[in-house]
1. If R0 is 41 Å, what FRET efficiency do you get for ALA31 and ASP179 from their C-beta distance, rounded to 0.05?
2. Which of the peptides 158-165, 133-140 is most tightly packed, and how do the rest follow, going by the mean number of other Cβ atoms within 10 Å of each residue?
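Quick note: the coordinates plus some simple rules give every number you see, no bench work behind them. For clarity, every value in this text was computed on a predicted model and none was experimentally measured. Glycine also receives a Cβ, built like all others from the backbone with ideal geometry; neighbour counts cover every protein chain displayed.
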Amino acid sequence: MSSSETEPPVDPAEAVSVVAPQLRALRRRAALTLEAAARSAGLSPAHLSRLETGQRQPSLPMLLALARIYGTTVSELLGETVADRDAVVRAADMEPTVAGGWTYWQAGSAGRGMQALRVHVPYGSQGDIVRVHPGEEWLHVLSGRLRLRLGDTVHLLGPGDSAHFDSLTPHRIAARDTDGVELLFVHTLLQAPTAALCLGPATTAPHPTSGETP
């Protein structure tokens, strides 16, 4: 069963209205210019400016990259606050958030050294950004098939398969099937704003066609 059948949809416009001012405020808190933040995230200054003014909707990879650069979490970028860092996160409390066609649920507490998400990756809307940054990532496929590129190697993962890799390895994920893929995703966070100085540049990979095979 897809996530859209079990969870109420979230209006993407509402997410954008919250994200846009948060992006600008957190960039300024990190004492980063628009140009410096955009360069670290692998974006053009014009693109980041449009995100900050609500003219463009950020994808989940963009939110993850900007959260690392600003030393914060995706939750804070979205204006979410958590009163207490409870050890248990109940399914009923996992509100879905839509960003750039992706749907995700916070599966862990905010303010931790790792961030845990349940993510639905749609087919054909992954963009062309290959990420490179310090840290580690772990993912586990719940349903569907995932195309994972690590460096020059492409892996096809099915339900029950997992991957654990160093985030300094250039990486990119995409749904292999038209129904998309649902996965659990855990990554380490860079908590200090100065961590942006340590980030390797994001690179742009050739945009694959929908019929590309691993």
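1. In this case the efficiency is close to 0.40.
2. Details: 158-165: 12.9, 133-140: 17.8.
The most tightly packed comes first, giving 133-140, 158-165.
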